[in-house]
Amino acid sequence: MQLGVRDVAGLFNVSEKTVYRWVKQRKLPVYRVNEQYRFSRAELLEWATATKTGVTPEIMHEPQEEHVPQPRLHEALQAGGVHYRVCGTDKASVLRAVVHIMRLPEEVDRGYLYEVLLAREALGSTGIGDGIAIPHVRNPIVLHISRPMIAVCFLDHQVDFGALDGQPVGILFTLISPTVRAHLHLLSKLAFALRDPRFKEVIMRHGSRQEIYTEACRIETSLPSAATNPAMIT
């Protein structure tokens, strides 16, 4: 909850009046602190991803961590793994299955992670449309893991995730990060990748692990130039 209205206006390249309108329409995730609006970077990027709203690259700027290398998309996918025919008949049972198969350190409380993911969904669906959802913990550092990971899960049966477009979800990218900055960068990179036709085609046809990792590596090499263009991060 570090950002004010002026900060948010700059991140979205809109007027402060527009930000106030979004808040009034209950579109934007916001908190009231001492009679002032305060916003979370992570929640803003989640909202922008779900609503396909463009943001500027400054949303990922975390001064206290600016010298830490950015997480690479393909490495996060390799760390999380690609999983096929994941079982479940509804959102809760699918998330339970995902938590069970994730490559987590032994000290991580999987039951706690499951409850955190459920709580995040209760605040608003992580379904982003086209049968895809990006479940993640609300506080990226809650698990204290050593490296970020994205587990790709292709479901055995599509389930209702309450996505904005109303489509059932059959593909999950479950994102776990050790820091807010890593969370923001990976969420942004994943959103960029899912707008790339080649990466999206491999995902939609449930391609092989190697195909997915290869396309993610290609995306990663294209990001430096793309990330300097605010219009490319949506």
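Only residues that are part of a helix (DSSP H, G or I) and of a type in the set (Ser, Thr, Tyr) were counted in the stretch 151-192, giving 1.
Contact map, the stretch 81-106: residues that are in the same structural domain as THR174 (by TED's automatic domain parsing) paired with residues that are of a type in the set (Ser, Thr, Tyr), Cβ distance under 7 Å, separation 6+ or inter-chain. Pairs shown: LEU95/TYR114; ARG96/TYR114; VAL98/THR174; VAL99/TYR114; MET102/THR174.
Listed by first and then second residue, the pairs with beta-carbon distance under 9 Å, at least 6 apart or on different chains, first residue in the stretch 1-22 and free of Cβ contacts under 8 Å to residues at least 24 places away in the same chain, second among the hydroxyl-bearing types (Ser, Thr, Tyr) and part of a helix (DSSP H, G or I), are ALA9/THR18. HIS206 meets each of the listed conditions (1) in contact (Cβ under 8 Å) with a residue 60 or more places away in the chain; (2) assigned to a helix (DSSP H, G or I) apart from (2). Listed by first and then second residue, the pairs linking a residue in the stretch 118-136 that is on the phi > 0 side of the Ramachandran plot to a residue that is buried (at least 18 other Cβ atoms within 10 Å of the Cβ) and aliphatic (A, V, I, L, M), with Cβ atoms under 7 Å apart and 6 or more places separating them unless they lie on different chains, are GLY129/ALA163; GLY131/VAL169; GLY131/ILE171.
The values are calculated or read from the model by the stated rules, or taken from the named source; none is laboratory data. Every value quoted in this text rests on a predicted model; they were computed, and no experiment measured them. Methodologically, a virtual Cβ is constructed for each residue, glycine included, from the backbone with ideal geometry; neighbour enumeration extends over all protein chains shown.
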